[in-house]
Amino acid sequence: VLRFDFNVPSEIQLANFLTGIIKEEGFSFSEEAIKLLAKKASASFRDGLSLLEKVITQENPKKTIDKDRLTEILGLVGDEKVQTFLTFLSRREGFAAIDFIDSSNEIDFSELLKETLLALRQELLGRVKPLFASDDALKLTKLLMNAQKEIKYSDLPQLPLEIAILEFCQLNNHNL
């Protein structure tokens, strides 16, 4: 019997692996960019290579990449966009939150939801300064998780997210 045991690489192992390739290709990535790339590879060397290929095939005469440029190339949702989105929701400004999403053409709704849910998780676990009362954070998390499931099957991917936003803001308005 032949047996193969595969271990899941850590973000540090992925970062080191990707750093070696980056140097071989003659590129220079900031430490933040390498960490973000390793994080987005989701413990997969193959996914890390795919993401890296996307980045290094972009026109870049200087061959330098920082975190902002990486976020732009890969269409990632930055922390500042998540915080802006959550701030609109914390103020119960549903239409402003929807306008924010609509005005950001490059936003991937699935990525926004994933990053927003991660931020809400941090809040629910008491790891960051809260924007919401705990029951509101829980309600919003549940609504966004449902929207995340529905996006996959919707002809209009933004619609489940918009409904979740309006439902959350409406719930809170009725509670006032």
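The values are calculated or read from the model by the stated rules, or taken from the named source; none is laboratory data. Since this is a predicted model, take the numbers as computed values, not measurements. Note that each Cβ is placed from the backbone with ideal geometry, even for glycine, and that neighbours are counted across all protein chains shown. Protein only, heavy atoms only, side chains kept; ligands, DNA and RNA dropped before computing areas. Shrake-Rupley method; radii C 1.70, N 1.55, O 1.52, S 1.80 Å.
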- Out of (1) of a type in the set (Gly, Ala, Ser); (2) surrounded by 15 or more Cβ atoms within 10 Å (Cβ to Cβ); (3) in a helix (DSSP H, G or I), the odd one out for Gly20 is which? (2)
- Pair list, Cβ under 7 Å, 6 or more apart: the stretch 37-62 residue at positive phi, other residue aliphatic (A, V, I, L, M) and not in a helix (DSSP H, G or I): Ala43/Val8
- Considering only the stretch 94-112, how many residues are out of contact with any Pro (no Cβ under 9 Å at 6 or more places or on another chain) and open to solvent by less than 70 Å² (accessible area, probe 1.4 Å)? 10
- Query: Got a number for residues in the stretch 37-66 being at pLDDT below 90, touching a Leu at 6+ places or on another chain (Cβ under 7 Å) and not in a loop (DSSP other than H, G, I, E, B)?
  - Reply: 3
- Note on the stretch 143-160: residues open to solvent by 80 Å² or more (accessible area, probe 1.4 Å) and more than 13 Å from Thr116 (Cβ to Cβ) are Lys149, Glu150, Lys152, Tyr153, Asp155, Leu156
- Item | Any helices (runs of 4 or more DSSP H) falling wholly within the stretch 73-152 and containing at least 1 residues that are among the basic types (Lys, Arg) and either under 30 Å from Ile34 (Cβ atoms) or in contact (Cβ under 8 Å) with a residue 60 or more places away in the chain (or both) | 79-90, 109-124
- Message: Going by what's in this entry, would Lys63 be described as under 18 Å from Leu36 (Cα atoms) and either open to solvent by 70 Å² or more (accessible area, probe 1.4 Å) or of a type in the set (Phe, Trp, Tyr) (or both)?
- Response: yes
